[in-house]
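Quick notes on the structure that follows.
Bear in mind these aren't lab numbers, they're just calculated from the coordinates by the rules spelled out. Note that the coordinates shown come from a computational prediction; the quantities given were computed from them, not determined experimentally. Cβ sites come from the backbone with ideal geometry, for glycine too, and all protein chains shown count toward neighbours.
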Amino acid sequence: NKKNDWWKEVVVYQIYPRSFKDSNGDGIGDLKGIISKLDYIKSLGIDVVWLNPIFESPNKDNGYDISNYEAIMKEFGTMADFDTLLQGMHERGIKLVLDLVANHSSDQHPWFIEARKSRKNPYYEYYHWWPAEKGKPPFRQGFFDVDGSAWTFNAPTNSYYLHYFSQYQPDLNWENPKVREEIFNIMKFWFNKGIDGFRMDVIPFISKDTSFPVITPEILKEKYNGDWAQYYASGPNLHTYLREMNAEVLSKYNDMSVAEGAGVTLATANDFVDADRHELNMLYNFDGVNYGYLPGKFKTPDPNGYKLPGFKRIYTEWDSVFANKGWGTIYLGNHDQPRMVSRWGNDSPEFREPSSKMLTTFLLSMRATPYYYFGDELGMSNIKFDKIEDYRDIETINMYKQIQLKGGNLQEFLNAQKISARDNSRTPFQWNNSPNAGFTTGTPWIKVNPNYTTVNVEDEAKDPNSCLNYFKKMVLLRKLHKDVLVYGKYQLLDPDNPKIYAYTRGEGAKKMLVVLNFSKDRVGWDLPAGMQIKPVPLINNYNTFIPGKTLSLEPYQAVILELK
Ligand code: TEU
Ligand code: CA
């Protein structure tokens with residue numbers, strides 16, 4: 001099969017299966033639920049679905065702790081359901097990308113249950129250990145862990161095991177060729193069932209310097225920008241293993257591979273996706289979504305808000321790093337991020353819709369494969385829980401416990417979580433205005449956003465001006481003009497403008513101008529000297545547009561204009 005770069009021209013739609021549609025009333029989304037909504041998914045016009053992990057899991061981290069990589073999570077259904085789902089997608093011309101979580105397994109995976117029994121156990125070397133007789137292990141930050149350490153003592157082996165995430169997610173030892181073989185076989189198992197690719201969970205973290213050197217705060221600051229994720233993404237054999245994965249597996253399928261680029265920077269991005277390196281196709285970075293947080297505080301937005309010129313600079317730099325090799329991705333929402341309209345737009349009743357459409361215009365008019373998060377097409381917004389009891393996410397719950405343990409301002413933390421918590425984007429998909437938004441006939445595993453009475457598929461499908469219908473139009477426009485909107489050159493205009501994000505796409509005869517008002521103010525914006533626009537926009541999130549040398553833009557107005 002000829003490998004080609006089909007993944008450059010697609011729009012990826014990410015579905016969080018736990019919250020999409022519950023078919024059996026247990027309050028948890030499932031594969032049968034997705035099957036029942038395949039025509040809705042098709043109606044969006046997207047090409048690829050990325051499903052968050054659907055494999056057997058104790059769900060300490062909602063599937064990112066896998067206890068059997070070749071079985072379907074019982075809450076989600078059976079392997080027969082999976083086969084029906086995949087067939088249903090392929091019949092509709094939709095490709096399916098699964099989520100490979102190979103940096104760590106669940107602590108309830110048989111491999112770890114064996115490994116932790118004894119140092120003599122054949123599976124012991126499937127994980128990373130620090131023998132207690134050598135004293136305390138050197139500090140490593142554990143994301144999501146209450147004590148903040150990535151080491152946990154295990155008495156039967158009298159050693160500590162490494163877990164970059166929670167203690168329920170022990171890191172697999174990729175330096176062990178048996179582990180690499182196990183993972184490559186798992187990948188082949190799913191490829192041979194016919195899937196079209198993998199999103200790879202924190203794949204930059206898989207290689208470790210097993211001498212476990214002390215990383216002092218000074219070294220962390222100097223060499224890794226103070227970011228443990230950057231240290232974790234600098235393992236000695238990382239690219240050897242990715243090249244091996246490509247040779248052993250990926251090169252044998254006409255697939256799509258995208259790394260979750262935790263810890264990856266502009267300087268290291270092409271090491272993963274330069275096609276000549278035969279590693280992966282794409283990666284997504286964190287510079288954009290992490291922008292505007294106060295340093296040193298857990299995901300706390302800067303009260304001065306982010307500055308649009310800084311936001312524009314980040315997306316422009318990430319476009320230019322792939323100008324001559326590699327290929328980019330773009331997203332604002334996913335299951336680890338809050339709802340994009342709340343974080344980057346304006347979720348007030350007056351501006352939620354226009355700003356949601358404006359952000360959709362941005363995501364679907366950049367030179368990168370868009371990863372669009374389910375529910376954003378409806379303009380779904382943050383639920384903003386007041387109480388810790390409403391949260392389900394191990395990250396929020398454990399960070400709360402950590403503050404209780406170590407002291408700190410719990411109210412400040414809860415206020416920040418209303419903006420940045422991952423659960424904000426994990427609330428049930430809103431199908432209609434019936435109880436629980438038509439997601440379940442039972443009690444949902446997490447509360448439904450009360451705005452489902454108006455923000456839902458059924459109501460929006462009937463409204464030609466809805467976020468949903470705007471999303472469909474924007475997907476179509478990207479496809480109709482893929483030479484410009486997919487492959488066309490990106491050129492930022494007016495970089496210092498604090499309210500307007502304007503750029504051109506394409507060059508020569510076919511060139512377009514994208515103008516996005518990221519502010520709640522009406523703004524006049526002067527066309528660059530000599531620029532001539534066609535008076536009728538290709539797309540506009542308002543019903544009016546006044547052409548002229550100075551464009552008058554409504555709050556959060558987005559237009560794409562053809563240049564003469
Ligand atoms: O996310 C990894 C992750 O959380 C990164 O955001 C990392 O914490 C960050 O770079 C540090 O600042 C993946 C999954 O998307 C997430 O849902 C899982 O919880 C996590 O890995 C563990 O599997
Ligand atoms: Ca269910």
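Of the residues 118, 149, the one with the fewest other Cβ atoms within 10 Å heads the list, and the complete ranking is 118, 149. Lysine pair count for region 478-520 with Cα-Cα distance under 26 Å and sequence separation of 8 or more or different chains is 10. If you take the alpha carbon atoms of region 105-222 and fit the smallest convex hull around them, that volume is 127 Å³ per residue.
Subtracting the Cα-Cα distance of residue 388 and residue 307 from their residue separation scaled by 0.36 nm leaves 26.1 nm. Averaging the sequence gap over all C-alpha pairs within less than 8 Å and six or more residues apart, then dividing by the number of residues, gives the chain a relative contact order of 13 percent.
What FRET efficiency would be calculated for the residue pair residue 254, residue 409, taking the C-beta separation as r and a Förster radius of 45 Å, to the nearest 0.05?
FRET efficiency, residue 254 to residue 409: 0.30.
Protection proxy ranking of 255-266, 453-464, 356-367, by the mean of other Cβ atoms within 10 Å over each peptide's residues and highest first, is 356-367, 255-266, 453-464. Among 199, 140, 119, the ranking by other beta carbons within 10 Å of each residue's beta carbon, starting with the fewest, stands as 119, 140, 199.
Computed from the C-beta positions of residue 323 and residue 223, the FRET efficiency with R₀ = 22 Å rounds to 0.20. The ranking of 97, 536 from fewest to most other beta carbons within 10 Å of each one's beta carbon is 536, 97.
So if each residue of separation counts as 0.36 nm, and I subtract the Cα-Cα distance between residue 462 and residue 188, what length gain in nm does that give?
94.3 nm
With the largest listed first and rounded to whole Å, the semi-axes of the equivalent ellipsoid of the chain from the Cα gyration tensor are 38, 26, 25. If Lys and Arg each add +1 and Asp and Glu each add -1, what is the summed charge of the other residues whose beta carbon sits under 9 Å from the beta carbon of residue 61? Every neighbour counted, the sum reads -2.
Per-residue extension of 0.36 nm, minus the Cα-Cα distance of residue 492 and residue 71, leaves a gain of 146.9 nm for this segment. What fraction, in whole percent, of alpha-carbon pairs in region 169-260 exceed 20 Å separation? Tail of P(r) above 20 Å: 42 percent of Cα pairs. Where the alpha-carbon atoms of region 1-116 are placed on the principal axes, they occupy 47, 39, 22 Å, in descending order.
For the chain, a simple Cβ point-charge model (Lys and Arg +1, Asp and Glu -1, everything else neutral) yields a dipole of about 920 debye relative to the Cα centre. Indicate the gyration tensor shape class of region 338-461 (rounded, prolate or oblate), computed on the Cα atoms with a ≥ b ≥ c the square roots of the eigenvalues: a/c under 1.5 is rounded; otherwise a/b larger than b/c is prolate and the rest oblate. Cα axes put region 338-461 in the oblate bin.
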